[in-house]
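The values are calculated or read from the model by the stated rules, or taken from the named source; none is laboratory data. Just so we're clear, the structure is a prediction, and the values are computed from it rather than from any experiment. Cβ: placed from backbone, ideal geometry, glycine included. Neighbour counts: every protein chain shown.
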Amino acid sequence: MKLIVGNWKLNPKTLKEAQKLALALNKAKTKNKVVLCPPYLYLPLIKSKFELGSQDLFWQEQGAYTGQVSGSMLKQFKVKYAIIGHSEKREVGDTDQEINLKLKAAIANKIIPILCVGFGIESGEDDEEVMIRIQNQLELDLKDVDPSKVIVAYEPVWAIGSGKAASAEHAEKTAMFIRMKFHIKKVLYGGSTNPTNAKEFLSKQIDGLLVGGSSIKADDFYKMITL
Ligand code: PEP
């Protein structure tokens with residue numbers, strides 16, 4: 001059984017479309033574990049047989065933090081997972097220190113964090129360079145965090161939304177490195193996966209996929225979760 005996570009990002013534009021997307025996926029018969037991560041506002045309004053995840057969370061529980069959403073708030077809306085450290089959040093300022101605090105807040109609220117690594121990686125870097133960057137990121141992000149409680153998504157930033165996925169061999173090698181070196185139980189791959197290339201990633205020693213663009217196309221995501 002693989003874990004397939006759909007990151008809807010800032011999509012779709014209306015609640016109606018979001019509900020329609022979730023409804024279409026409800027028909028899927030799958031042996032995989034599927035998690036849907038809609039925008040915060042839609043979370044309580046999505047009816048899905050699959051589990052829900054948030055796209056982020058804040059590390060404080062309450063206080064003067066305008067615009068933030070805490071783990072305990074998310075928990076009240078049946079959120080089981082949280083994507084943390086996505087490259088689109090790192091791009092606008094999330095630091096490894098903040099990501100570390102977010103991981104701790106998720107775990108304290110019994111929300112399973114899906115920690116994204118791969119920011120800063122350039123296409124064409126060899127496996128060794130990639131491993132060094134990933135190792136540096138994980139050492140900071142996982143400081144004083146129980147790794148057995150964290151799922152890692154390896155997402156080379158150049159592959160996200162670019163239509164150019166990493167090779168399945170490279171993704172597998174990196175996943176094996178992360179599992180062994182950091183005692184992580186599950187490592188996903190993310191970056192331009194679609195119904196055509198998903199099968200190859202899922203045939204490798206990769207525990208699943210974090211899917212962006214293809215997760216908001218009902219037909220495509222349906223195919224991917226039922227592979
Ligand atoms: C992502 O945003 O995590 C992602 C993998 O996006 P995409 O599938 O569109 O590359």
- Could you say whether any residue in the range 129-150 is surrounded by 20 or more Cβ atoms within 10 Å (Cβ to Cβ), within 14 Å of the ligand (Cβ to nearest atom) and within 22 Å of residue 113 (Cβ to Cβ)? no
- Do we find a residue being in a loop (DSSP other than H, G, I, E, B), away from the ligand (no atom under 16 Å from the Cβ) and out of contact with any Phe, Trp or Tyr (no Cβ under 6 Å at 6 or more places or on another chain) anywhere in the range 33-44? no
- Query: Quick check: anything in the range 63-73 buried (at least 22 other Cβ atoms within 10 Å of the Cβ), within 16 Å of the ligand (Cβ to nearest atom) and not basic (Lys, Arg)?
  - Reply: no
- Query: Looking only at residues in the range 76-96 that are more than 16 Å from the ligand (Cβ to nearest atom) and crowded, with 17+ Cβ neighbours inside 10 Å, which one is farthest from residue 24 (Cα to Cα)?
  - Reply: 96
- For the range 45-58, what are the residues that are under 20 Å from residue 104 (Cα atoms) and not in a strand (DSSP E or B)? 55, 56, 57
- Message: Restricting to the range 18-32, and then to whatever is assigned to a helix (DSSP H, G or I) and over 19 Å from the mean Cα position of the chain (by Cα), can you tell me which residue is surrounded by the fewest Cβ atoms within 10 Å (Cβ to Cβ)?
- Response: 26
- Item | Restricting the range 97-117 to residues that are of a type in the set (Gly, Ala, Ser) and surrounded by 18 or more Cβ atoms within 10 Å (Cβ to Cβ), the residue that is nearest to residue 8 (Cα to Cα) | 106
- Message: Going through 65, 81 one at a time, which residue ends up being farther than 22 Å from residue 155 by Cβ and of a type in the set (Phe, Trp, Tyr)?
- Response: 65
- Query: In the range 122-158, what count of residues is obtained for those that are closer than 18 Å to residue 209 by Cβ and modelled with pLDDT under 95?
  - Reply: 0
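Check 189, 222 and return the single one that is buried (at least 20 other Cβ atoms within 10 Å of the Cβ) and either at pLDDT 95 or above or of a type outside the set (Val, Ile, Thr) (or both).
189
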- Message: Tell me whether the range 120-127 contains one or more residues that are among the hydrophobic types (A, V, I, L, M, F, W, C) and within 14 Å of the ligand (Cβ to nearest atom).
- Response: yes
- Subset of the range 196-216 (residues that are among the basic types (Lys, Arg) and touching a helix residue (DSSP H, G or I) at 6+ places or on another chain (Cβ under 6 Å)): 204
- Restricting attention to the range 108-133, and to residues there that are of a type outside the set (Gly, Ala, Ser) and in contact with a Phe, Trp or Tyr (Cβ under 7 Å, 6 or more places away or on another chain), which single residue is nearest to residue 97 (Cα to Cα)? 117
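Filter the range 143-154 down to residues that are in contact (Cβ under 8 Å) with a residue 40 or more places away in the chain and either assigned to a helix (DSSP H, G or I) or more than 22 Å from residue 80 (Cα to Cα) (or both), then give me how many there are.
So the count comes out to 2.
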